[in-house]
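The values are calculated or read from the model by the stated rules, or taken from the named source; none is laboratory data. From a predicted model like this one, the values you see are computed outputs, not experimental measurements. Ideal geometry is used to build each Cβ from the backbone, glycine not excepted, and the neighbour counts take in all protein chains shown. Surface accessibility is based on the protein's heavy atoms, side chains included, excluding ligands, DNA and RNA. Shrake-Rupley method; radii C 1.70, N 1.55, O 1.52, S 1.80 Å.
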Amino acid sequence: MSKKPSTQSPVDIAREAFQRLGTRRIAPTPEAYRVAYEEIQGGDIEFRPETVLANLASNLAMQPGEAGKLGQRLTVSIEVGDWEAYGQELNEFAEQNMYVRSVVPHGELVPVDLEREFIRDSKKEKVLREVLARVLIFNLPSLLPSAPEMANESKSAGQDLKMAFSEPTMNEVVTRIKQLSFQIELKTGDMAQQQELLMRLFQLLLDNIHGLLEQGSWLSGQITAVQDLITGPISQTSLADATKSLKEVIYKQGLLKNTLSEEKVVVKNMMLTFVDRLSAMVSTTNEYHQTITGFSQQISQAGNISDLNSVLTDIMRETQNAQDQAMRSRDDMETARQEVQKAEARIQALETQLVQMGELVREDQLTGSLNRRGMDESLDREITNAVRRDTPLCIALLDLDDFKRINDTHGHATGDEVLVHLVQVVKDTLRKLDVIARFGGEEFLVLMPETGPLDAMQIITRVQRELTKRIFMHDTQRLLITFSAGVAQHTKGEDQTELIKRADAALYKAKNAGKNRIVFADATPPAK
Ligand SMILES: Nc1nc2c(ncn2[C@@H]2O[C@H](COP(=O)(O)OP(=O)(O)OP(=O)(O)O)[C@@H](O)[C@H]2O)c(=O)[nH]1
């Protein structure tokens, strides 16, 4: 049976406990005071705080898992009398399992009426909720610029998700996200279909334009570049690259075309002057004819020599006038003709420049020569021209000698500079009509339209000499740069692959013969 507990106030019990210690002559140590206090307070020993706490510890120690381990730690604390450690253990346990969970992930307290149905996030769930909310609020709307309602719904669902800590609100948000995802799926399907249709339309347009263009025109080259681009997988970088180079080309072509139309106006004006002068001359001759007819009547009617004399003087004067007028017209027409010729030359130069502009999109980034695609197009064009005009065409395949050693000894960057140097020397030495393209690595292809074999060999020999003259400096060191080359003339019915193959076989011979030399290719294709 337990003793009935005292009804006195704690202050009265404390006072009586001190009196009792005095009466019994017991020293007022905390322990003695506690015993006296509890005697007066009454109640069963079983319900003393330390007994209750010890019971809790040993009950917990019998549980499996975390609770059992906590119980063991609490029991040890009691045994060594370390109540502070006991308190700490309990606090930590409460913080981990109760207190933290009563606070919503963003620090706000849970509204009292929701507490019972409150969704308690674990650490992982908390991170997941935050990430999902970010995706809905920021990322998804930026991907939906053409669907503002969906973008707004995504933002709003994200905001609501942050605050959805009750079962019903969470269910509502989940339903909205599902609906949104369904709508996006439909929209993406539509967009992909539209994109495909647009692409097909674009491709059709390009094909039609291409069909209308003269083969080899500057515009045709650019259209092929765009066609290439849209037939392959379209990446952000390739689109950006193509846009950049096309913009550059369009800008420069714009400038050139303006000048071109100005020149065409000049030619037109010249033509008008020409026609004016011609009609002036014709009318002068007509007048002259009429006057002479008049004079012939006067002559037939002349009665004496003095009449005739005066008619003759008039005829001489009129004839002189007509002659002067004719001379003036002839001079004017000659000047006009020369002006027209000059304007025509300027137009031709501008048109050549336009062709070169078109080749910008086909340039090798490092050396500024044409790249492989540019080379293919130019060689195709030149072969067609050579066949149509029945003019000779030669090509040369150049390969730097011992380039690997240059790279290995002086570094890759120096190797790059050597490539740039070679292209510069070639460009400075060749005619405007000739073209240099990077065939690959340290190999270059030179196109020489309207050039026969002897001239081609001479041109490449000139490049070779020029390269030794224009010394390449690395730091303070002079590096000797040489190349070997194979030169080939295009033969009837030969395509570009066969032509290059013959030039390559000649280059191979040049290398084998000791490098730094030029070999003219056999007319027959090399054996396989
Ligand atoms: N720096 C630089 N090196 C390149 C580039 N492209 C290819 N190379 C290097 O060019 C070297 C070509 O080596 P090889 O084919 O052995 O030719 P080589 O050393 O010139 O020998 P020969 O042709 O027989 O005279 C390789 O080391 C390539 O790495 C480039 O764009 N820049």
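Residues that are open to solvent by less than 20 Å² (accessible area, probe 1.4 Å) and either within 16 Å of the ligand (Cβ to nearest atom) or among the polar types (S, T, N, Q) (or both) within region 384-398 comprise Ala396, Leu397, Leu398, listed in sequence order. Do you know which of the residues in region 401-417 that are buried (at least 16 other Cβ atoms within 10 Å of the Cβ) and within 7 Å of the ligand (Cβ to nearest atom) is farthest from Glu443 (Cα to Cα)? Checking each candidate, the answer is Asn407.
Kindly evaluate Val426 against the criterion of being on the phi < 0 side of the Ramachandran plot, open to solvent by less than 20 Å² (accessible area, probe 1.4 Å) and more than 14 Å from the ligand (Cβ to nearest atom). Considered against the rule, which asks whether it is on the phi < 0 side of the Ramachandran plot, open to solvent by less than 20 Å² (accessible area, probe 1.4 Å) and more than 14 Å from the ligand (Cβ to nearest atom), Val426 comes out as yes. Name the single residue that is nearest to Pro449 (Cα to Cα) among those in region 499-528 being among the charged types (D, E, K, R) and open to solvent by 90 Å² or more (accessible area, probe 1.4 Å). Per the stated criteria, the residue is Lys501.
Just to confirm my filter: which helices (runs of 4 or more DSSP H) fall fully inside region 80-189 and include at least 1 residues that are at pLDDT 85 or above, farther than 30 Å from Ala57 by Cα and open to solvent by less than 70 Å² (accessible area, probe 1.4 Å)?
123-134, 140-143, 148-163
For (1) outside the structural domain of Ala505 (by TED's automatic domain parsing); (2) at pLDDT 95 or above, each residue gets a yes or a no:
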| position | (1), (2) |
| --- | --- |
| Ala345 | yes, no |
| Ala349 | yes, no |
| Arg372 | no, no |
| Leu393 | no, yes |
| Leu398 | no, yes |
